[in-house]
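Participant: This is the structure, below, for whatever I ask next.
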Amino acid sequence: MTKYLLASALSLLILTGGCKNSTQTDQTETSTTPTDTTTVQFGQAPPAPEWAKNATIYEVNTRQFSREGTFKAVTAQLPRLKELGVDIVWLMPIYPISLKNKKGPLGSPYAVADYMSVNPDYGTLDDFKALVQRAHALGLRVILDWIPNHTGWDHKWITEHPDYYTKVKGKMTTPLDPKTGKPTDWTDVVDLDYDNPNLRKAMIDAMSYWVRECDIDGFRCDVAGFVPDDFWQEVRPALDKIKTVFMLAEWEDEPGHFSSCFNANYAWGMHTVMKAVAQGARPATVIDSMIVLNQKRFPKWFYQMQFLQNHDENSWNGTLTESFKEGADAFVVLSHTIDGMPLVYNGMESNLNKRLAFFEKDSIPWGTYSKTDFFKSLLTLKHRNRALWNGQAGGKAVKIQTGDDDKVYAFYRKKDNDQVTVVLNLSEKPVTTRLEGAGYEGTFMEIFTRTSSEIKPGMTITLKPWEYRVYTN
């Protein structure tokens, strides 16, 4: 699908100081401000698989991942992804694509024609099962992209179960914005009606099929906030009866509404903030404001998927270099060491520097995998060092004050005997700064240069433009 969400309301408030609540299709006034002290009340945490506590995610666009564009081609690359340090392989939608009202030559993977079969262009169901089995043999997990809010216009439910669909003046409609009730411009898909209990049962049955029959490990749920919260409350126990799954919501606004189902959601706000800093629109201190707000609006057990690129960002908003300029590597380091679960978009380890076409074949130019060592250093540290683990399994980021907080972002994280200290120059100018405060001192190894350094309060650090240091004990 085209880009579903713009930046979250809270990130826009931080960036602009205004009071707009932004989604893709509407802007409405809100009284929330960056200094809002309201804390959302949450219930008990949903189940979480044990392996999620220190996992990272890698997104695969099967169509573009190889010249073949097949499950077998993805399967062949799984050992490389394991070596890179990946834990979870997220596959973009693998289902047959609707042809009616399709966009572009091949259509959108998010316009589903059948929830319970695979796109024949990618291979067979047995090919997909073999992919999952190979992933599990390597210690990897597989989650599927799920599109619960709408189907393609030639999905079999259109004729077999027309009552499953939302009607406007008696006719099926493109998806409706839940805040305004107005149709979106997603013309290649049709809105599902969750007031129909039979639709809910059919959707849960379809999701359960992939867990039960193919042994997948969870779902990334598309525009999760467009689907009623009480449906998500039904989904989780149904899936967990088969196995404990990992659930990722493509959503950030109103996070308390589906805390009973999802283990993580999108860090849209932090993404927007980091991009603003990279482009010189805001000082590095805005990152602290985003962290403070997230601590208020999310429960302690919740964590976000931190990302710089994904299929929407890459195709519609720009490559890593377009969005983060010369500071791209520095922001990759930040997104992989700050609180949350980092995402690597396919191709980033080969320094992907093109926007992949969304509705047609456009293979990743893999080249020499020139960024492999860079990502491997970060992902290995994330996996092994408990300070960087997810949610309550890890340590919270603690700010280290410097004399140049508008340019330098420094913090440390501790858990048990593990510690990571990160210092980044998030500006295009060199800076010499002084570390202040206490609690982070010790002798550490810098993971990229492999040199030992003593870190202590009062010390001076000189950093080149966009330079970063990651120290671990």
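The values are calculated or read from the model by the stated rules, or taken from the named source; none is laboratory data. This one's a predicted model, so the numbers in the text were calculated from it and none came from an experiment. So basically every Cβ, Gly included, is an ideal-geometry build from the backbone, and we count neighbours across all protein chains shown. Note: areas computed on protein heavy atoms with side chains; ligands, DNA, RNA excluded. Shrake-Rupley method; radii C 1.70, N 1.55, O 1.52, S 1.80 Å.
Participant: Mind checking the angle between helix 286-297 and the chain's longest principal axis? C-alpha axes, 0 to 90 degrees, to the nearest 10.
Facilitator: Compared with the principal axis, the helix lies near 50 degrees.
Participant: Any idea of Met459's accessible area? Nearest 10 Å², probe 1.4 Å.
Facilitator: Counting only protein heavy atoms, the figure is 40 Å².
Participant: If Lys275, Lys171, Lys156 are ordered by their accessible area, calculated over protein heavy atoms with a 1.4 Å probe, which sequence runs from highest to lowest? Write out the running numbers ahead of the final one.
Facilitator: Values: Lys275 40, Lys171 145, Lys156 90 Å².
Putting Lys275, Lys171, Lys156 in descending order of accessible area: Lys171, Lys156, Lys275.
Participant: Something else about it: Mind checking the log10 I(q)/I(0) for region 375-436 at q = 0.17 Å⁻¹? Debye, one equal scatterer per Cα, no solvent, two decimals.
Facilitator: Values returned for q = 0.17 Å⁻¹ are -0.65.
Participant: Sorted from largest down, what three extents in whole angstroms do the Cα atoms of region 348-473 have along their principal axes?
Facilitator: Projected onto the principal axes, the Cα atoms of region 348-473 cover 54, 35, 26 Å.
Participant: Out of all DSSP beta bridges with both ends in the chain, state the antiparallel percent to the nearest 5.
Facilitator: 60
Participant: Under a crude label model (7 Å from the Cα following the beta-carbon direction), how far is Trp301 from Tyr209 in nanometres?
Facilitator: It is 3.1 nm.
Participant: Under 8 Å for C-alpha pairs, at least 6 residues apart: give me the relative contact order for the chain, rounded to a whole percent.
Facilitator: 16
Participant: Per residue, how many Å² of accessible area does region 382-473 show with a 1.4 Å probe?
Facilitator: Result: 47 Å² of accessible area for each residue.
Participant: Counting only protein heavy atoms and using a 1.4 Å probe, what share of the accessible area of the chain belongs to carbon plus sulfur, as a whole percent?
Facilitator: On the way: 8910 of 18010 Å².
Carbon and sulfur atoms account for 49 percent of the accessible area of the chain.
Participant: Now a separate question. Put +1 on the Cβ of every Lys and Arg and -1 on every Asp and Glu Cβ in the chain; which of Thr272, Ser259, Asn196 then has its Cα farthest towards the positive end of the dipole?
Facilitator: Thr272
Participant: Further, regarding this structure: Taking only Cα atoms of region 38-140, what ratio of Rg to Rh do you get with Rh as the Kirkwood inverse-distance radius?
Facilitator: Rg divided by Rh gives 1.07.
Participant: Let me ask another. Given the Cα atoms of region 117-211, and with Rh set as the inverse mean 1/r over their pairs in the Kirkwood sense, what is Rg to Rh to two decimals? Present the calculation step by step, with values, prior to reporting the outcome.
Facilitator: Values: Rg = 16.3 Å, Rh = 15.4 Å.
The Rg/Rh ratio comes out at 1.06.
Participant: Taking the Cα centre of the chain as origin, sum charge times position over the Cβ atoms of Lys and Arg (+1) and Asp and Glu (-1), and report the length of that vector in debye to the nearest 20.
Facilitator: Roughly 740 debye for the chain.
Participant: Could I ask something else about it? Pick out, from Thr187, Gly107, Thr285, the residue whose Cα sits farthest towards the positive end of the charge dipole of the chain, with +1 on the Cβ of Lys and Arg and -1 on the Cβ of Asp and Glu.
Facilitator: Positive-end residue among those listed: Thr285.
Participant: Roughly speaking, what is the stretch gain from Lys354 to Ser453, that is 0.36 nm per residue apart minus the C-alpha to C-alpha distance, in nm to one decimal? Each step should come with its number before you reach the end.
Facilitator: Working: separation 99, 0.36 × 99 = 35.64 nm, distance 3.77 nm.
Here the answer is 31.9 nm.
Participant: Mind checking which of Tyr95, Tyr471, Val118 is farthest towards the positive end of the chain's charge dipole, using Cβ charges of +1 (Lys, Arg) and -1 (Asp, Glu) about the Cα centre?
Facilitator: Checked the options; the winner is Tyr471.
Participant: Compute, for region 215-269, the length of the dipole vector about the Cα centre, with Cβ point charges of +1 (Lys, Arg) and -1 (Asp, Glu) only. Units Debye, rounded to 20.
Facilitator: 240
Participant: Which angle between 0 and 90 degrees, to the nearest 10, do you get for helix 328-337 versus the longest principal axis of the chain when only C-alpha atoms count?
Facilitator: Tilt of helix 328-337: around 80 degrees.
Participant: Figure the gain on full extension for Asn473 and Val398 (residue separation times 0.36 nm, minus the Cα-Cα span) and round it to one decimal in nm.
Facilitator: Gain on extension, Asn473 to Val398, equals 25.4 nm.
Participant: Here's another thing I want to ask about it. Give me Rg/Rg_expected for the chain, where Rg uses Cα atoms only and Rg_expected = 2.2 N^0.38 Å with N residues.
Facilitator: Ratio of Cα Rg to 2.2 N^0.38 Å: 0.96.
Participant: A further question on this structure: At a Förster radius of 35 Å, what calculated FRET efficiency corresponds to the Cβ-Cβ distance of Val168 and His136, to the nearest 0.05?
Facilitator: Efficiency computed from Cβ-Cβ geometry: 0.20.
Participant: Counting only helical runs of four or more DSSP H residues, what would the 222 nm mean residue ellipticity of the chain come to if each run contributes -39,500 (n - 2.57) and the total is spread over all its residues?
Facilitator: Calculated from helices alone, the mean residue ellipticity at 222 nm is -8000 deg cm²/dmol.
Participant: So how far apart, in nm, are the two label points at Lys241 and Val292 if each is 7 Å from Cα heading toward Cβ?
Facilitator: With each label point 7 Å from Cα toward Cβ, the separation is 4.7 nm.
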